[in-house]
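The values are calculated or read from the model by the stated rules, or taken from the named source; none is laboratory data. Source: prediction; values computed, not measured. Here the Cβ positions follow ideal geometry from the backbone for every residue, glycine too, while neighbour counts run over all protein chains shown. Heavy atoms of the whole protein, side chains included, go into the accessibility calculation; ligands, DNA and RNA do not. Shrake-Rupley method; radii C 1.70, N 1.55, O 1.52, S 1.80 Å.
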Amino acid sequence: RWVEVLLPERPNGTTGWLPADVLRLRTTDLRVVVDVGDRRMELLRAGRRVMTAPVAVGKPGTPTPIGRFAVAELVRTRTPGAFLGPVVFPLTGYSETLNEFAGGDGRVAMHGTSLPELIGTRASNGCIRMRNRDVVRLSRVVRPGVPVVIRR
């Protein structure tokens, strides 16, 4: 048997096939939904909202990509005052306008911020910025593999 999977590469939405016998498939009842237009993040468990928070999203020239992604990693920076805040969730999606950013490969992330006054605006280079307390709360539950849907 073969399993079609979303690949963490450009362009976003690229799929590939893997043999089922080399995979360890797991289910999760968690899902993160980010509404770019409303600039809100929801955490759903079994389809029920368990958390909601305002977010900042990409500026018009560097929009947050729309689509289906997943949390790729959970990085605890341990520096709440840092630009990215205390927690970073790199996603499996990439900026559609930036091939690289700050020395990285243009991967998009959900993360905290040292600029909480920008929450609720279009201020980022494609990432989803959250208040530090909200990203810490999210990190108590969300782990790599959790689906992330970003919609308009």
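Worth pointing out:
- Checking each residue in region 100-120 for being part of a loop (DSSP other than H, G, I, E, B) and within 17 Å of ILE66 (Cα to Cα) picks out only GLY106.
One line per residue, one yes/no per condition, for (1) surrounded by fewer than 19 Cβ atoms within 10 Å (Cβ to Cβ); (2) at pLDDT 95 or above; (3) part of a loop (DSSP other than H, G, I, E, B); (4) within 12 Å of the chain's Cα centre (by Cα):
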position	(1), (2), (3), (4)
MET51	yes, yes, no, no
THR64	no, yes, yes, yes
PRO90	no, yes, no, yes
LEU98	yes, no, yes, no
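- Selection within region 1-14 - closer than 19 Å to GLY67 by Cα and open to solvent by less than 80 Å² (accessible area, probe 1.4 Å): VAL5, LEU6, LEU7, PRO8, ASN12, GLY13, THR14
- Flag for ARG68 being under 12 Å from the mean Cα position of the chain (by Cα) and open to solvent by 10 Å² or more (accessible area, probe 1.4 Å): yes
- Taken over region 1-38, the residue count meeting the criterion of being touching a residue at least 40 places away in the same chain (Cβ under 8 Å) and over 28 Å from VAL57 (Cα atoms) is 1.
- Flag if GLY120 is surrounded by fewer than 22 Cβ atoms within 10 Å (Cβ to Cβ), at positive phi and touching a Pro at 6+ places or on another chain (Cβ under 6 Å): yes
- Number of positions in region 15-49 that are within 19 Å of the chain's Cα centre (by Cα), at pLDDT below 95 and surrounded by 10 or more Cβ atoms within 10 Å (Cβ to Cβ): 0
- Within the option set ARG140, ARG107, being among the basic types (Lys, Arg) and in contact (Cβ under 8 Å) with a residue 12 or more places away in the chain holds for one residue only, ARG107.
- Hey, ARG129 basic (Lys, Arg) and open to solvent by 60 Å² or more (accessible area, probe 1.4 Å) or not: no
- Of all residues in region 132-145, those that are closer than 17 Å to VAL108 by Cα and open to solvent by 10 Å² or more (accessible area, probe 1.4 Å) total 3.
- Among residues of region 72-84, those that are modelled with pLDDT of 95 or more and open to solvent by less than 40 Å² (accessible area, probe 1.4 Å), counted: 1
- Looking across region 100-124 at every residue that is polar (S, T, N, Q) and modelled with pLDDT of 95 or more, the one that is nearest to PRO63 (Cα to Cα) is identified as SER124.
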